[in-house]
Structure formats: C-alpha cells, structure tokens
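In what follows, a structure is listed as structure tokens, so that the remarks can point back to it.
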Amino acid sequence: MSTLSEKIWERHVVRRAAGEPDLLYVDLHLVHEVTSPQAFEGLRAAKRPVRRPDLVLATMDHNVPTNDQRPEEISARQIDAMARNAREFGIRCYPTGDPEQGIVHVISPQIGLTQPGMTIVCGDSHTSTHGALGALAWGIGTSEIEHVLATQTIWQTRPGTMAITVNGELPAECAAKDVILGIIARIGTAGGNGTVIEYRGSTIRALSIEGRMTVCNMSIEAGARAGIVAPDDTTFAWLEGRPYAPKDELWERAVDEWRALATDADAAFDREVTIDATTLRPYVTWGTNPSQSVTIDQRVPDPESYREDGQRDSASRALRYQDLRAGTPVRDIAVDAVFIGSCTNARLEDLRAAGEVLRGRHIKRGLRALVVPGSMRVKKDAEREGLDRVFREAGFEWRDAGCSMCLGMNPDILRPGERCASTSNRNFEGRQGPGGRTHLVSPAVAAATAVAGHFALPSDLS
C-alpha cells in the first residue's frame, strides 16, 4: 500500500542502491534567471549539452522590473545571461516582453506543462506550487540544476509522508490563503520537515486549482519538501484544452492514468493532522515567520504566553523588528503599503477577489499599493475583464508580470520601516527590502486593508 507521493516517486526511480539516494528521472525542469547562471557556466566549461532541452522551460521573473524602469546592473546581467543561455542551449524561454512571460510557477500550469504524476524541479523553493495538479515538485540548488540539465536526472533521498486533512465548509471571507496560514499556525514552520504533505479532505476538494496552488505553494513555509493534492475532475477540467495538455485520444488515455494517482486506502502516513475548516478565520501574520499569525479578530500575542524559551525569544525579537506591542488588536495595525502579487496569489482568481472588494472604493490617502499579475497572460485576461480599471480607479499601480515586491531583488521594495500587507509567502526580516515589515494576508484582506488603511475584512468596510 502506497501514498500518492510514494507512487510517483517509485515510477521515476532510475537507479537504487543500498545506502545511497535514489536517482530519479525528471519530467520537467523549470529555470529562471537568478539560480541558473552558474549551472550553465558549468555545462559550458565541461562542454556538455542540455540532455533534454524540450523538457526545460525558462523565464525571467525574480529580477525583472514591473514598470518602465531599467533593471539594476546585476539584475540586467542575470536577465541577459538567461536569454543568452536559452539561445545557446536550445531551451524554450519566455523573456521579458513575451506574451507568456511571468512567474515560472504561474506560467507552467497555465500553459498545461504541469501535469499530474510528473516530477518537476526548479531552482526555487516554491516549486511545491505544482503539487496542486498532482505533480511531485520541489526546489533544488545550483549544483543540482547543472546535474538535471546535463542528465535529466537527480539524486534524492526519499522523503517522509504527511497527510493534512481539512474538512468542512470554509467560513465567510476565508480563502485558500487562510487555510494554509491556519495549518502553519497549528503545526509550525518545522511541522512538515522532511516530508511531502498530501492535502486531503472536503475543504481541499472544494478549492479551485488556483486555491490548491496557494496551499501547496506555502508547504515550504511548514518545512515540507513538497505539497501535493491528488488529481480529480477539478484538475482535469482545469487542464483540458491548455496548449501543452494532451489532445484527443492522448487526453482520454492521460485522464485514465491520472485517475489512478491516489493514495491507497490502507496506506500509512508518517504523520497525520486533521483540521476543522469551520474553525478557521482570515489570518494575519504579526511576526517574522508564517507561523507567527493570529486571526484578524485577535490581538498580537504576548511572548510570555509561549511555553518554550526559543518561541518566547523568537516572538520578542519579532515584535521588536515589527515595531508592535503585545495586546494590540490586529485591526488597529496601520499599514503603509499593500502588495497583491507573487507565486502565491497573483492568478486571475486572486485579482478578481481583490477587485471585487475595491470596486467603487479608493485606497487610504498616502498609502502605496501595487497589484502585479503573475503572468502577462493573467494581465491580459484581467484587462479584458476590466480589472485593471478597477485597480487604477481605486488608487493601485497596475504593473507588468514578475515576482515584484514578494522579495527585495528588484526595484519594487519597501522602504526601511514601511509596513506592508502582502499576499506573498514569506515575512522574514528584510524579505521585501531592508527594514521592511511584512504581514501575510489573502487578496481580499489585502484589498480591504488598502481601503481602510489598517487590517480589515471586506465586511468591515462601510
């Protein structure tokens, strides 16, 4: 009896020997401009080609400016190197300005390259996003990138297994982001260490594919190697007709195979956690890791309320960095900036949720607000629906696709001391720029917060 992740793993083992990691075949290798240059240099120095260029997709996302600014010198060199390496090694690449360019974890699923049962790797920790479609996907390092490019294989130690079952109907104003923040608040940032988390239960099944991507995306913030959801009719309906999805008879055959990708009824997980979705509320992180969160109805906790010394010390340091006082109601925390974007929450569904809140409203005077689509296709689709006008009329800046203010590697950064409500995935010290203070929220909460000037729900707005 096997779990879903174990089944996919076993199907991809090329070589196994006692006392060694398994050698796995890689179905899809995603590449971006930040972590790949050294890998290509290694290939060049060894006079090696890319083994399967047809199984590689490259784009520019981390460093690209999302407006008319020119990239900084280091960023420009990395962007140019990615374009040059793609040309030299015959790799499919969506460069800046291309209609398909965008965040790598957004564009691969939207064009149908990400499919159930695949092994997918990328030099980026949030590769776990692709698990939403039933793929086993994880982030790798620079030396591993070179190895995959050269051999289409990777050495990996078999991970453990974990099941997180979420059952029940989500309360009003709760979103997929609140599901995963609620999970991390419960199990902590090390709760999934060394495992592939399989998300199960009626709540997960009721989520859209975009919602499942949000959940799988942040598996890494719970310490997991990857996150995965078994494919179902929602998966197949979402994939059908996409450019790289199977067609005609191949589609029917693929769906038959994908239906078999499920954990056996008697399979055992190394750890299991069950969560009642009806107990969840919209979450806001107050600290400097995603587990340091409370619901929007609560107050910033007192470090002395933690039992362990390490947790007390971490909470105290987080409060100092965030410039917050214990006992402060979350709704009383004012923000300077709002960012709607990232590989966690920059898909069309996310923009629709935020736009619905902002329609006919305007952001708080003096507040800086950006909305950055996850891909140029998402941007085009949003503009076709008129969402760009909704955001602009509300006072948001409407940008081109890219990672943007998720991380401080491009011009879209916070100023020291600025506090931001962000739909991204990480909130450690300086993540959005030196001295910046990040609070993770869902798109709807981010939009309501922009209007109120402090953390708020859509229902709080008059």
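The values are calculated or read from the model by the stated rules, or taken from the named source; none is laboratory data. Keep in mind that what you see is a predicted model, and the values were worked out from it rather than measured. We place every Cβ from the backbone using ideal geometry, glycine too, and count neighbours over all the protein chains shown. Ligands, DNA and RNA are stripped out before the accessible areas are found, and what is left, the full protein with its side chains, is counted by its heavy atoms. Shrake-Rupley method; radii C 1.70, N 1.55, O 1.52, S 1.80 Å.
Residue count for the stretch 415-440 under the criterion of being part of a loop (DSSP other than H, G, I, E, B) and under 18 Å from G395 (Cβ atoms): the result is 2. The residue list G435, G395 contains one member that is surrounded by fewer than 17 Cβ atoms within 10 Å (Cβ to Cβ) and at positive phi, which is G435. Condition first: in contact with a helix residue (DSSP H, G or I) (Cβ under 9 Å, 6 or more places away or on another chain) and either within 27 Å of F236 (Cα to Cα) or β-branched (V, I, T) (or both). Can you find one or more residues in the stretch 75-85 that meet it? No, the stretch 75-85 contains no residue that is in contact with a helix residue (DSSP H, G or I) (Cβ under 9 Å, 6 or more places away or on another chain) and either within 27 Å of F236 (Cα to Cα) or β-branched (V, I, T) (or both).
Filtering D400, D381 for residues that are over 24 Å from P329 (Cα atoms), open to solvent by 40 Å² or more (accessible area, probe 1.4 Å) and assigned to a loop (DSSP other than H, G, I, E, B) leaves a single hit, D400. Screening the stretch 137-255 for helices (runs of 4 or more DSSP H) wholly inside it with 3 or more residues that are in contact with an Asp or Glu (Cβ under 7 Å, 6 or more places away or on another chain) returns no ranges. Residues in the stretch 51-104 that are more than 15 Å from S36 (Cβ to Cβ), in contact with a Ser or Thr (Cβ under 7 Å, 6 or more places away or on another chain) and not in a loop (DSSP other than H, G, I, E, B): how many? Qualifying residue count, the stretch 51-104: 1.
Checking every residue in the stretch 117-128 against the condition of being among the charged types (D, E, K, R), within 23 Å of the chain's Cα centre (by Cα) and surrounded by fewer than 18 Cβ atoms within 10 Å (Cβ to Cβ) gives zero matches.
Which residues, counting only those in the stretch 324-333, are open to solvent by less than 20 Å² (accessible area, probe 1.4 Å) and either outside any loop (DSSP other than H, G, I, E, B) or closer than 19 Å to N425 by Cα (or both)?
The one that is open to solvent by less than 20 Å² (accessible area, probe 1.4 Å) and either outside any loop (DSSP other than H, G, I, E, B) or closer than 19 Å to N425 by Cα (or both): V330.
For the stretch 160-192, the set of residues classified as open to solvent by 10 Å² or more (accessible area, probe 1.4 Å), among the charged types (D, E, K, R) and under 22 Å from S125 (Cβ atoms) consists of R186 only.
Taking the stretch 231-256, which residues are open to solvent by 100 Å² or more (accessible area, probe 1.4 Å) and under 23 Å from the mean Cα position of the chain (by Cα)? Listed by number, the list holds a single entry, E240. Here A326 fulfils each of the conditions (1) touching a Cys at 6+ places or on another chain (Cβ under 9 Å); (2) aliphatic (A, V, I, L, M); (3) more than 23 Å from A394 (Cβ to Cβ) apart from (1). Each residue in the stretch 193-219 was checked for being open to solvent by 20 Å² or more (accessible area, probe 1.4 Å), under 17 Å from L133 (Cβ atoms) and in contact with a strand residue (DSSP E or B) (Cβ under 7 Å, 6 or more places away or on another chain), and 1 of them qualify.
For M405, the conditions (1) at pLDDT 95 or above; (2) open to solvent by less than 50 Å² (accessible area, probe 1.4 Å); (3) in contact with a Cys (Cβ under 9 Å, 6 or more places away or on another chain) all hold with the exception of (1). When the stretch 395-425 is filtered for residues that are under 22 Å from S293 (Cα atoms) and in contact with an Asp or Glu (Cβ under 9 Å, 6 or more places away or on another chain), the ones remaining, listed by number, are M405, C406, L414, G417, E418, R419, C420, T423, N425. Selection of the stretch 347-361 for residues being crowded, with 22+ Cβ neighbours inside 10 Å and over 22 Å from H126 (Cα atoms) yields A353, A354, G355, V357, L358. Looking only at the stretch 334-346, decide whether some residue is touching a residue at least 60 places away in the same chain (Cβ under 8 Å), open to solvent by 30 Å² or more (accessible area, probe 1.4 Å), closer than 22 Å to D323 by Cβ and aliphatic (A, V, I, L, M). Looking for residues that are touching a residue at least 60 places away in the same chain (Cβ under 8 Å), open to solvent by 30 Å² or more (accessible area, probe 1.4 Å), closer than 22 Å to D323 by Cβ and aliphatic (A, V, I, L, M), one finds at least one in the stretch 334-346, hence yes.
The C-beta contact set for the stretch 308-333 (first residue of a type in the set (K, R), second residue surrounded by fewer than 14 Cβ atoms within 10 Å (Cβ to Cβ), distance under 9 angstrom, 6+ apart or interchain) comprises R312/E304; R312/S305; R331/D297.
Is it true that K364 is of a type in the set (K, R), open to solvent by 40 Å² or more (accessible area, probe 1.4 Å) and over 22 Å from M213 (Cβ atoms)?
Working: of a type in the set (K, R): yes; open to solvent by 40 Å² or more (accessible area, probe 1.4 Å): yes; over 22 Å from M213 (Cβ atoms): yes.
Judged against the criteria, K364 is a match.
Restricting attention to the stretch 257-306, the residues being outside any strand (DSSP E or B), of a type in the set (A, V, I, L, M) and open to solvent by less than 60 Å² (accessible area, probe 1.4 Å) number 8. Answer yes or no: is there a residue in the stretch 51-74 that is open to solvent by 10 Å² or more (accessible area, probe 1.4 Å), in contact with a Gly (Cβ under 7 Å, 6 or more places away or on another chain) and not hydroxyl-bearing (S, T, Y). Yes; the residues of the stretch 51-74 include at least one that is open to solvent by 10 Å² or more (accessible area, probe 1.4 Å), in contact with a Gly (Cβ under 7 Å, 6 or more places away or on another chain) and not hydroxyl-bearing (S, T, Y). For the stretch 7-32, a residue qualifies if it is part of a loop (DSSP other than H, G, I, E, B) and either in contact (Cβ under 8 Å) with a residue 60 or more places away in the chain or farther than 24 Å from G131 by Cβ (or both), and the qualifying residues are H12, A17, A18, G19, E20, P21, V26, D27, H32.
Test L43 against the criterion of being surrounded by 22 or more Cβ atoms within 10 Å (Cβ to Cβ) and farther than 30 Å from F396 by Cβ, and give yes or no. Considered against the rule, which asks whether it is surrounded by 22 or more Cβ atoms within 10 Å (Cβ to Cβ) and farther than 30 Å from F396 by Cβ, L43 comes out as no.
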